[in-house]
Amino acid sequence: MNHHFTKKSVSESMLDVALLMANVSQLKAVLEQGPDFKYYLTVILLIAMSLFFQVLVGALFVHMGESELNDVASQRKLDIINNEATVLVFLTAIINIFITAFGVQKTGLYPKQ
């Protein structure tokens with residue numbers, strides 16, 4: 001049972017790192033475009049929210065990982081923390097859909113014709 005959860009946690013961690021890298025890349029692209037970008041502040045705020053939620057979810061996962069799963073007294077608390085982490089992951093996904101919808105792109109990737 002623990003082997004399955006360990007593999008699941010490693011997979012989730014890799015996806016979290018990939019999303020974190022994507023958000024940092026998007027933030028860099030927005031900052032390179034500068035305030036002339038139509039949705040500059042909106043996208044920066046969305047990326048900041050996404051990064052904040054990702055760090056918070058990571059902290060919750062670390063806390064859950066350090067807790068004793070077999071302790072009956074802590075199982076209710078861990079279940080609540082797991083539900084909170086799930087809601088934050090869902091919100092992060094929704095926020096990243098909006099970030100993508102605003103069309104953040106790096107400038108200077110292709111030569112102008």
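The values are calculated or read from the model by the stated rules, or taken from the named source; none is laboratory data. From a predicted model like this one, the values you see are computed outputs, not experimental measurements. Glycine gets a Cβ as well: all are built from the backbone with ideal geometry, and neighbour counts include every protein chain shown.
So Asp16 clears everything in (1) modelled with pLDDT of 85 or more; (2) crowded, with 17+ Cβ neighbours inside 10 Å except one condition, right? Which one? So Asp16 meets the others, but not (1). Listed by first and then second residue, the pairs linking a residue in the range 50-70 that is without any contact (Cβ under 8 Å) to a residue 24 or more places away in the chain and more than 16 Å from Met21 (Cβ to Cβ) to a residue that is of a type in the set (Val, Ile, Thr) and part of a helix (DSSP H, G or I), with Cβ atoms under 9 Å apart and 6 or more places separating them unless they lie on different chains, are His63/Ile81; Met64/Ile81; Ser67/Ile81. Within the range 31-52, is even one residue under 20 Å from Glu12 (Cβ atoms) and of a type outside the set (A, V, I, L, M)? Yes: one or more hits. Filtering the range 26-48 to residues that are under 15 Å from Ile97 (Cα atoms), touching a residue at least 24 places away in the same chain (Cβ under 8 Å) and surrounded by fewer than 17 Cβ atoms within 10 Å (Cβ to Cβ) leaves only Thr42. Taking the listed residues Gly65, Gly103, the one that is small (Gly, Ala, Ser) and farther than 21 Å from Ser13 by Cβ is Gly103, with no other qualifying.
Checked against (1) loosely packed, with under 13 Cβ neighbours inside 10 Å; (2) at pLDDT 90 or above; (3) polar (S, T, N, Q), Gln54 passes all but a single condition, namely (1).
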